[in-house]
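Read the structure below first, then the notes.
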Amino acid sequence: MQKIRNIAVIAHVDHGKTTLVDGLLEQSGTYGDHEQHDERAMDSNALEKERGITILSKNTAIRYKDHKINIIDTPGHADFGGEVERVLKMVDGVLVLVDAYEGVMPQTKFVVKKMLALGKKPIVVINKIDKPSADPERVVDEMFDLFTQMDATDDQLDFPIIYAAARDGIAKLDMETEGGDFQCIFETILNEVPEPEGSPDNPAQAQVFTLDYDNYVGKIGISRIFNGRIKKGDQVKLAKADGEFVNGKVSKLIGFHGLNRMEIQEAEAGDIVAIAGMETVDVGDTICDPVNPVALDPMHVEEPTLTVVFSVNDSPLAGQEGKHVTSNKIRERLESEMTTNVAMRYETVGEGKFKVSGRGELQITVLAENMRREGFEFGISRPEVIVKEIEGVKCEPFEHLVIDVPEELGGTVIERLGKRKAEMKSMLPMGVGFQRIEFEIPARGLIGFRGQFLTDTKGEGVMNHSFLEFRPYSGTVESRQYGALISMETGTALAFSIFNLQDRGGMFIKPQDKVYEGMIIGEHSRSNDLTVNPIKGKAQSNVRSSGADDAIKLVPPRDMNLEKALEWIEDDELLEVTPLSVRIRKRMLTEAERKRASR
Ligand SMILES: Nc1nc2c(ncn2[C@@H]2O[C@H](COP(=O)(O)OP(=O)(O)OP(=O)(O)O)[C@@H](O)[C@H]2O)c(=O)[nH]1
Ligand SMILES: [Mg+2]
């Protein structure tokens, strides 16, 4: 029988998980001699590379001495937290990373809580000790406190600590050691992480924790084998969440090694492999022995907390930039997304309208961003939190929010958040001249807050939040303070008009941009909406209509990317997303319609 260790790497966003996995691959000699690989090699899809964040958890395997170590890299962003919880069930130990300066952050708490509750053995890695502001001792204390608060068992509390600068390939067991490499991480994994339970001689049981799709073999379930053996060609029974058993056949078995996947003939208890051949496979299903099928405990899938409506683009510019624009195409695309993405749901809510639910704005914008890259054009409405009734009480999602701000700005931010129904929980000095303030806030109050926060703190503030729980509805929260500047005309924006409108607020457009009646071209500096004309040229004579008109000095437009725009819009507004543009518009395009509706 193979000697195996299964671990997950968990942490708050950006604390260095994927970078650490790079080092584990590198220093175990897993890469072939001439194998090319990027930095943060596990962040393999285009959006992940571009944004420098992990969106999907991914697994790899390395060899160290006579052991195989299966490693699952997880996303740190709160929107993908549900994924972490599933991954944790598949492993026997975890590397919990924490930034040596930032310390315990909201998602650190979230993942530690889940990990402790599932009884996993933690190894704490204090990462980024190279940072000049690093304070590893303080962070170790924070971790102890956190573990204690969260009722860690004595064994869990007795966690080994590794100090690392993952980016530089350095790791050591105490801060006094000079240099140091990842040997100590490998050794700690072998010594501390329990070997997998279960036996290859029992009837087969493997549980699916991630889905993948391949054009040739179809749906693939990445699974941990808890018992027995699975061979290519095996007849199996698939135990579904509802208790039903479905017959299936293993058409292909895929093993992992470094960045490669290869076909294998057989795998046994303890290992993590990809299994193809079952079109109906879902996350949480157990692939069982056909004669003696016993399902494993179903997996808890986190419920969505946020919804938006995707709709067919019906703006005057519809169909000009994208290739997939119809309701059918959008529905098919959403349908296919939901077959592999268990954290999201969708339903048809009207002609060409689809309600898409997920864990947060990032999760929804990642889907939207992927769609526009594939050539889709569509509208998106303002995000709404999901309100649900619990024991007869109307409840909404609450978040744990942590902000780091320059001391002198703390007051401003506290006041702003107060209006959004946030409750302050603690305030501590943090590094030189900074404060860390923690809040609990309805998720609703956070929608649109980030833009405001960055303006208030001149970009110096850092905010992080993660889902806490559903709590009783907290009443109205303050929303956007400023009105919209709305175009009254359809045509091409001119530098001359933009110049004249600059005093009215911040512009979202530049000269030569196409505009239409009802499109929002900027944020008004007052609270009401204002209808304006962005296409008016200077009366007659010498105005050159292009932006090259050098007599005119224009403030650069505010960059309203998908995320910012989605945070910004109100209920009576929509985003128009195409492969080339993100435009903001009023749902009702003419002023007459809007007036009528507001009466
Ligand atoms: N100074 C310093 N920076 C590091 C270290 N390790 C990682 N980083 C940097 O931290 C940033 C985030 O690293 P990632 O490995 O993507 O972090 P992550 O935890 O995988 O992030 P998510 O998957 O998005 O949650 C990158 O810019 C890394 O280069 C380190 O030891 N020291
Ligand atoms: Mg990562």
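The table below lists the values:
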quantity: Three-way shape label, region 278-433, alpha-carbon gyration tensor, a/c 1.5; calculated: oblate
quantity: Inter-label distance, nm, simple model (7 Å from Cα along the C-beta direction), L173/Y213; calculated: 4.8
quantity: Accessible surface, per residue, of the chain when the full set of protein chains is kept, probe 1.4 Å, Å²; calculated: 44
quantity: For region 107-226, convex hull of alpha carbons as volume per residue, Å³; calculated: 179
quantity: Estimated FRET transfer efficiency (E591, E347; beta-carbon r; R0 35 Å; 0.05); calculated: 0.60
quantity: Region 187-258 - percent of accessible surface contributed by carbon and sulfur, probe 1.4 Å; calculated: 43
quantity: Inter-probe distance in nm under a simple model that places probes 7 Å from Cα toward Cβ, at V555 and E384; calculated: 3.4
quantity: Lys/Arg +1, Asp/Glu -1 at C-beta; region 331-425 dipole; positive extreme among V405, V387, G360; calculated: V387
quantity: Neighbour-limited loop hits for GluC sites (Glu not before Pro), region 100-186 (at most 11 other Cβ within 10 Å; DSSP other than H, G, I, E, B); calculated: E176, E178
quantity: For region 404-455, fraction of C-alpha pairs farther apart than 17 Å, in %; calculated: 32
quantity: Ratio Rg/Rh [Cα only; Rh per Kirkwood] for region 57-149; calculated: 0.98
quantity: Quarter of the Cα convex hull surface for region 445-487, i.e. its orientation-mean projected area (nm²); calculated: 4.8
quantity: Accessible-area value, E303, 1.4 Å probe, nucleic acids and ligands omitted, Å²; calculated: 90
quantity: Over region 559-599, equivalent-ellipsoid semi-axes from the Cα gyration tensor in Å; calculated: 23, 11, 6
quantity: Mean separation of Cα contacts under 8 Å (6+ apart) over length of region 82-158, as relative contact order %; calculated: 36
quantity: Debye log10 I(q)/I(0) for region 179-294, one point scatterer per Cα, at q = 0.13, 0.22, 0.23 Å⁻¹; calculated: -0.51, -1.19, -1.28
quantity: Taking only Cα atoms of the chain, radius of gyration then Dmax in Å; calculated: 26.4, 90
quantity: Relative contact order (percent, whole number), the chain, Cα cutoff 8 Å, 6+ residue spacing; calculated: 10
quantity: Cα-based radius of gyration of region 363-481 once divided by 2.2 N^0.38 Å, which approximates compact folds; calculated: 1.21
quantity: Of all DSSP beta bridges in the chain, antiparallel share, percent nearest 5; calculated: 80
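The values are calculated or read from the model by the stated rules, or taken from the named source; none is laboratory data. Since the structure is predicted, the reported quantities are computational estimates derived from the model, not experimental observations. Cβ atoms come from the backbone with ideal geometry, glycine included; neighbour counts cover every protein chain shown. Note: areas computed on protein heavy atoms with side chains; ligands, DNA, RNA excluded. Shrake-Rupley method; radii C 1.70, N 1.55, O 1.52, S 1.80 Å.
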